[in-house]
Amino acid sequence: MEQEGFVSVWAGVFETDQALKEYFDDIAGRDISPFSLDFFDGCDIYPFDIDFSERSVHEFTTDPEVLVCHYSEGTAIGPELKKLFPQGLEQPCNTAILVYNYRYDPEESGFNPNAPVTFLGAVPCDLD
């Protein structure tokens, strides 16, 4: 759900930025979550403003700080994710999807085990 001061982060593997764009279904002018039906299947995700999200494909890493360092708030988000994954991610990922002012709770919302992304966590992030 929307909650100021948090960012929800998903990680996954995509071959190209175009594949990520198709998954995220980036349609200009939409104010609600554009995630594909694959993501929604089995999830009860509250709509969010696409202007408060970032996503892209980078080099593979198991380090959560490295995974998000490319994003506008990456230097603040990275250490918080590192606290959740002090030994690193189980599998190397090359993609992160960040939704700002949003606190996703998989316990309440469920998840799609077949989705190409995995929820890493919702961590504090001050956008001021």
**OP:** Please indicate, with yes or no, whether at least one residue in region 101-114 is among the polar types (S, T, N, Q), modelled with pLDDT under 95 and assigned to a helix (DSSP H, G or I).
**Re:** yes
Original post:
Is at least one residue of region 16-27 modelled with pLDDT of 75 or more, under 17 Å from Leu127 (Cα atoms), within 15 Å of the chain's Cα centre (by Cα) and open to solvent by less than 90 Å² (accessible area, probe 1.4 Å)?
Top reply: no
**OP:** Mind telling me which of the residues Leu81, Leu98 ends up being out of contact with any Phe, Trp or Tyr (no Cβ under 9 Å at 6 or more places or on another chain) and at pLDDT 85 or above?
**Re:** Leu81
Original post:
Does at least one position in region 33-47 carry a residue that is buried (at least 17 other Cβ atoms within 10 Å of the Cβ), at pLDDT below 65 and in a helix (DSSP H, G or I)?
Top reply: yes
**OP:** All but one of (1) free of Cβ contacts under 8 Å to residues at least 60 places away in the same chain; (2) in a loop (DSSP other than H, G, I, E, B); (3) within 17 Å of Gly5 (Cα to Cα) hold for Asp126, so report the exception by its number.
**Re:** (1)
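The values are calculated or read from the model by the stated rules, or taken from the named source; none is laboratory data. These numbers come from a predicted model, not from an experiment. Backbone-built Cβ (ideal geometry, glycine too); neighbour counts: all protein chains shown. Note: areas computed on protein heavy atoms with side chains; ligands, DNA, RNA excluded. Shrake-Rupley method; radii C 1.70, N 1.55, O 1.52, S 1.80 Å.
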